[in-house]
Structure formats: C-alpha cells, structure tokens
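What follows is a short report on a single structure.
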Amino acid sequence: MGFFLSVLYFVTYYLTPGVLFGPLAAYRIELVLAVLILVVSLPKLMASFTLKTPQSLALIGLAMAVLMSVLIGERWVGGGLAAFLGFIPNAFGYFLVCLHCNSKKKLQALVFALLVVCFFVIARGAIALHHANIASISSEDRENGYLFAMQSDSGEWFYRLRGMGQINDPNDFGQVIVCVIPLMFIFWRSKKVVANLVCVILPVCVLLVGVFLTHSRGALLALTALAVVAARRRIGTVPALVLAGGIFAAAMALHFTGGRDISASAGEDRTDLWGESLQVFKAHPLFGVGFGDLPDYLGHTAHNSVAVCAAELGFFGLYFWSLFLLPTLRDALTVASPGKVMEGKPMVIEEELFPLTRGKIEAIDKADVNHMGRLIVLSLTAFLVTGWFLSRSFVMTLFLLGGVAEVVYEMALDRGMIAPRLRLARLAPYAGGLAISLVLMIYVMLRIVNLTH
C-alpha cells in the first residue's frame with residue numbers, strides 16, 4: 001500500500017491533481033493522499049534506515065532554514081509557516097523513496113512511473129504542436145497549454161514543450177527528462193537485444209525527442225555532460241570530450257535551442273542576476289531574504305540553484321542544502337565504483353512489489369549495484385548541470401534522486417558489499433566546505449566573465 005501511494009504521490013506531483021483526478025481535484029485529493037501516506041509510513045519509519053542517513057537531518061535543518069528565513073527575514077510568522085508547508089511536500093519525496101521504494105523491482109516501477117509522466121506530457125505537447133499555428137501567435141498570447149511560445153535571437157516565434165504545475169516551465173520539464181534518461185537503463189538486460197530495444201532504446205529516443213521539443217539550453221548542456229561522463233569510462237576522457245563536442249555541434253545545427261545562442265554573451269543577463277544574488281547574500285548572510293522571495297529583490301529569479309539557496313536561506317540554509325547534496329553524491333559515487341563494492345551475500349526481502357513474491361530472495365550482485373550506482377551518478381550529473389542554470393534548489397527531483405541513491409547504498413550495505421556510511425561528525429565540516437566552495441565557484445565564474453568583456 002505504501003509503495004503504491006508513494007508512486008501515486010510522485011505522479012500527482014508532476015502531472016498535477018487537476019490533470020490526474022479531474023473534477024475530484026477540487027476536494028484536495030493531493031492532501032488526502034499525503035495524509036494516507038503519512039499514516040502508512042509512520043509505523044515503518046523507526047524500523048527503516050531512513051532516519052540513520054545524514055540526508056534526513058539535512059532535510060530537517062533545511063526545513064527549519066526555510067521557516068527561519070521568513071520569520072527573521074520578513075518578521076512574518078504566517079509567511080514562515082506557509083513557506084515551511086510549501087517546502088515539506090518536496091522534501092517528503094526523499095523519505096517516501098527510502099521507506100517504500102526499497103528494492104530493485106520497486107525502483108524500476110518508480111522509474112517506469114516517471115517515464116509515464118514524461119510520455120504523457122510529450123504526447124499532449126506533440127498533439128498541441130500539431131494543431132498550433134505559430135504564424136498567428138502574438139506577444140500577448142504566448143501560453144498554449146502544454147506549449148510556451150517565445151522568440152529566438154532573430155525575432156522568430158517558436159513553441160517550447162512544457163508540463164503543468166511544478167514542470168510548467170520548459171526548462172523544468174527538460175530537467176526532469178534528462179534526469180530520467182539515464183535511469184531508463186535500469187531495465188537493461190545483458191544479451192537481451194529485443195527487450196533492450198523495446199524497453200530502453202525506443203523509450204530513450206522518445207525522451208530525446210521530448211528534450212528537443214523543450215528547446216532547453218540547459219538540457220542540451222546536461223546531455224553533453226552525460227555523454228562525457230558515460231563515455232569516458234569506456235573510451236577515455238579525450239575521445240569522450242570529442243564525442244560530446246560532436247553531439248553539441250549536431251544539436252546546434254538541428255536548432256536544438258530554437259535559434260537561441262549558447263555563449264557567455266548570450267547568458268550575460270543570467271550572470272548579472274548571479275552577481276546581484278551574491279550581493280543579496282552579502283547583505284543577508286545568515287538567514288537570507290526569505291524562501292521564494294528573491295524575485296521581490298531582483299525582479300526575477302537568479303537562474304542558479306546555489307545562488308537562489310544562498311540568497312533566500314542564507315549560509316544557514318545553504319549549509320544544510322550542501323549537507324544533503326554531499327553524502328548523496330558520495331554514496332552514489334561509492335556504489336558506482338567497482339573498487340569499493342565487494343561481492344556479498346543475497347538477502348531476503350521482507351516486502352516485495354507484489355504480495356505473492358514476499359519472502360523470495362532478490363538477486364542483487366556487485367554488477368547490479370555498480371550498474372545502478374552509475375545510473376544515479378549520471379542522473380545527478382544531469383540535475384546539477386541543469387540546476388546550475390535554473391533556480392531549482394528545492395524541487396522534488398533532487399530529493400527523489402537522493403532517496404534512490406540511498407536505497408541502492410542500503411541494498412549494498414545489507415548484503416555486506418560496502419563499508420558503512422560516513423558518520424555525520426565527519427560529513428559536517430565537509431558540508432561547510434562545500435557550501436563555501438559553491439559560492440566561491442559562482443564568484444570566480446563571474447570574475448572570469450567580467451574579464452572577458
């Protein structure tokens with residue numbers, strides 16, 4: 001029950017209650033669903049590994065940072081509570097994955113659910129694009145359901161695919177797709193050509209079409225980064241960079257970005273916002289200006305997840321954000337490394353996806369753990385590359401991927417394949433160093449951009 005409700009929760013988050021439940025959405029079905037999940041999850045929480053992970057403490061601290069950013073930054077109790085309640089549904093994703101998606105079969109079902117979400121939006125957008133008339137578009141009528149119209153650098157109008165709700169921006173939807181693409185290879189089976197073609201290759205091709213229809217420059221950069229990270233292990237770093245360069249050049253030739261350039265000058269407006277965000281962070285260094293309130297100061301968001309987190313939540317919030325990110329990356333890289341994962345013994349899974357399979361042994365070996373670890377690393381890479389150019393510090397996708405990383409790590413840990421997680425006492429100072437390094441990275445990039453002008 002908990003697993004089914006969790007998957008339904010994720011699908012509802014991405015597709016919106018109105019799309020999924022129609023008229024029933026007026027009865028706050030998503031709230032009823034959240035309450036049901038909470039009731040089902042609480043009995044399992046204490047027996048689960050979830051609260052033993054550093055990410056759980058990081059999310060508690062991040063939730064407090066969200067609350068305090070408004071309480072102190074705006075001196076508004078009601079606004080602080082509203083911000084807190086707005087953050088919790090996203091962070092909830094981490095706990096749901098750790099609690100209920102705790103086997104390979106369930107992770108595959110979760111990935112399939114995300115694929116269905118992407119296919120649904122791509123199909124609706126393709127239908128809308130087929131009936132759209134870009135020639136009649138006007139600057140006052142840019143939004144058309146699953147399509148968003150904008151102008152290229154040459155002034156020509158074009159449509160971009162988007163979803164609804166939390167993915168109603170083409171860049172948001174593009175980020176979700178590029179994060180799902182690597183995860184699709186969890187269905188890959190050695191020497192099963194037909195099955196791999198049907199279950200992996202063809203769906204990935206559809207997802208790539210979806211990325212193209214978003215015309216997201218960040219998504220293109222993410223795909224290029226994925227090509228480098230995925231290929232360097234097999235063909236070496238230099239050939240991987242050459243391959244990525246070829247992919248990038250081909251994508252630009254095919255007008256992947258809708259006629260918009262990717263360059264330092266083309267992104268000058270974004271880097272200006274980064275600089276202004278750092279000034280806001282400098283003026284409010286401890287608790288920030290308030291969760292979601294940066295646009296009130298800049299007139300626009302910062303288009304950088306680190307800059308947004310620092311400016312809105314201050315160093316207090318950025319520290320806990322880094323405390324979530326650091327062990328997630330560390331654990332994902334660890335399970336992806338053949339040298340750090342040993343052969344272990346299979347374990348008996350107490351609860352399976354289908355009741356009839358309860359008590360059977362789920363066959364997970366070192367190769368499976370390494371394979372899933374590499375997919376998580378690729379997916380996190382896609383998220384971080386797109387997140388560097390988007391204000392997506394607190395979206396569910398990040399917390400969901402963090403949960404997937406810890407589930408795979410726990411599977412390896414239970415089978416004696418891997419060393420225990422790093423203790424919080426060791427992670428705490430490194431998280432502070434990461435937070436400082438991320439801010440310095442933005443600062444250095446801004447200095448380099450300024451020197452080139």
query = Among the residues of region 266-300, how many are more than 20 Å from PHE394 (Cα to Cα), among the hydrophobic types (A, V, I, L, M, F, W, C) and in contact (Cβ under 8 Å) with a residue 24 or more places away in the chain?
reply = 1
inquiry  = So LEU213 passes all but one of these: (1) farther than 17 Å from MET252 by Cα; (2) assigned to a helix (DSSP H, G or I); (3) in contact with a helix residue (DSSP H, G or I) (Cβ under 8 Å, 6 or more places away or on another chain). Which condition number does it fail?
reply    = (1)
task = Inspect region 411-432 for any residue being more than 25 Å from VAL97 (Cα to Cα), touching a helix residue (DSSP H, G or I) at 6+ places or on another chain (Cβ under 9 Å) and either without any contact (Cβ under 8 Å) to a residue 40 or more places away in the chain or part of a helix (DSSP H, G or I) (or both) and give the result as yes or no.
result = yes
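Could you tell me whether any residue of region 37-47 is more than 30 Å from GLY314 (Cβ to Cβ) and within 20 Å of the chain's Cα centre (by Cα)? Step through it out loud before you land on a result.
Taking region 37-47 as the starting set, the residues that turn out to be more than 30 Å from GLY314 (Cβ to Cβ) are 37, 39-44, 46-47.
In the following step, the residues that additionally are within 20 Å of the chain's Cα centre (by Cα) were identified as none.
Checking region 37-47: not a single residue is more than 30 Å from GLY314 (Cβ to Cβ) and within 20 Å of the chain's Cα centre (by Cα).
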task = List every residue pair whose Cβ atoms sit under 8 Å apart, with the two residues 6 or more apart in sequence or on different chains, where the first one lies in region 24-41 and is surrounded by 15 or more Cβ atoms within 10 Å (Cβ to Cβ) and the second, anywhere, is outside any helix (DSSP H, G or I).
result = ALA25/THR16; VAL40/MET1
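So that you can scan it fast, the table gives a plain yes or no per residue for (1) aliphatic (A, V, I, L, M); (2) within 28 Å of LYS282 (Cα to Cα); (3) in contact with a His (Cβ under 6 Å, 6 or more places away or on another chain); (4) surrounded by 17 or more Cβ atoms within 10 Å (Cβ to Cβ):
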site: MET411; (1), (2), (3), (4): yes, no, no, yes
site: ASP414; (1), (2), (3), (4): no, no, no, yes
site: MET417; (1), (2), (3), (4): yes, no, no, yes
site: ARG423; (1), (2), (3), (4): no, no, no, no
site: GLY432; (1), (2), (3), (4): no, yes, no, no
site: LEU446; (1), (2), (3), (4): yes, yes, no, no
site: VAL449; (1), (2), (3), (4): yes, yes, no, yes
site: THR452; (1), (2), (3), (4): no, yes, no, no
ask   = Has region 309-325 got any residue that is over 30 Å from MET372 (Cα atoms), part of a loop (DSSP other than H, G, I, E, B) and in contact (Cβ under 8 Å) with a residue 60 or more places away in the chain?
value = no
task = Residues being outside any helix (DSSP H, G or I), of a type in the set (A, V, I, L, M, F, W, C) and under 16 Å from PHE120 (Cα atoms): count how many of those fall in region 153-202.
result = 2
ask   = Within region 433-452, how many residues turn out to be in contact (Cβ under 8 Å) with a residue 60 or more places away in the chain and of a type outside the set (A, V, I, L, M, F, W, C)?
value = 2
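Name the residue, out of LEU298, LEU326, LEU294, that is hydrophobic (A, V, I, L, M, F, W, C), surrounded by fewer than 24 Cβ atoms within 10 Å (Cβ to Cβ) and over 20 Å from PRO429 (Cβ atoms). Before the answer, list the steps.
Details: LEU326 fails: over 20 Å from PRO429 (Cβ atoms); LEU294 fails: surrounded by fewer than 24 Cβ atoms within 10 Å (Cβ to Cβ).
It is LEU298.
What number of residues within region 23-48 satisfy the criterion of being of a type in the set (Asp, Glu) and within 10 Å of LEU5 (Cα to Cα)?
Within region 23-48, the first condition is being of a type in the set (Asp, Glu), and the residues that meet it are 30.
In the following step, the residues that additionally are within 10 Å of LEU5 (Cα to Cα) were identified as none.
Matching residues across region 23-48 total 0.
Conditions tested, residue by residue: (1) at pLDDT 85 or above; (2) surrounded by fewer than 17 Cβ atoms within 10 Å (Cβ to Cβ).
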{"position": "VAL70", "(1), (2)": "yes, no"}
{"position": "SER103", "(1), (2)": "yes, no"}
{"position": "ALA128", "(1), (2)": "yes, yes"}
{"position": "HIS131", "(1), (2)": "no, yes"}
{"position": "SER139", "(1), (2)": "no, yes"}
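Of all residues being outside any loop (DSSP other than H, G, I, E, B) and in contact with a Ser or Thr (Cβ under 7 Å, 6 or more places away or on another chain) in region 382-408, which is farthest from THR334 (Cα to Cα)? Just the residue, please.
Initial filter on region 382-408 (outside any loop (DSSP other than H, G, I, E, B)): 382-387, 396-408.
Subset that is in contact with a Ser or Thr (Cβ under 7 Å, 6 or more places away or on another chain): 383, 387, 401-402, 405-406.
Working: PHE383: 19, GLY387: 23, LEU401: 15, GLY402: 14, ALA405: 10, GLU406: 11 Å.
Among residues in region 382-408 that are outside any loop (DSSP other than H, G, I, E, B) and in contact with a Ser or Thr (Cβ under 7 Å, 6 or more places away or on another chain), the one farthest from THR334 (Cα to Cα) is GLY387.
If you scan region 108-126, which residues turn out to be β-branched (Val, Ile, Thr) and crowded, with 17+ Cβ neighbours inside 10 Å?
First, the residues of region 108-126 that are β-branched (Val, Ile, Thr): 111, 116-117, 121-122.
Answer for region 108-126, where residues must be β-branched (Val, Ile, Thr) and crowded, with 17+ Cβ neighbours inside 10 Å: VAL111, VAL117, VAL121, ILE122.
The values are calculated or read from the model by the stated rules, or taken from the named source; none is laboratory data. These figures come from a predicted structure and were not determined experimentally. Cβ sites come from the backbone with ideal geometry, for glycine too, and all protein chains shown count toward neighbours.
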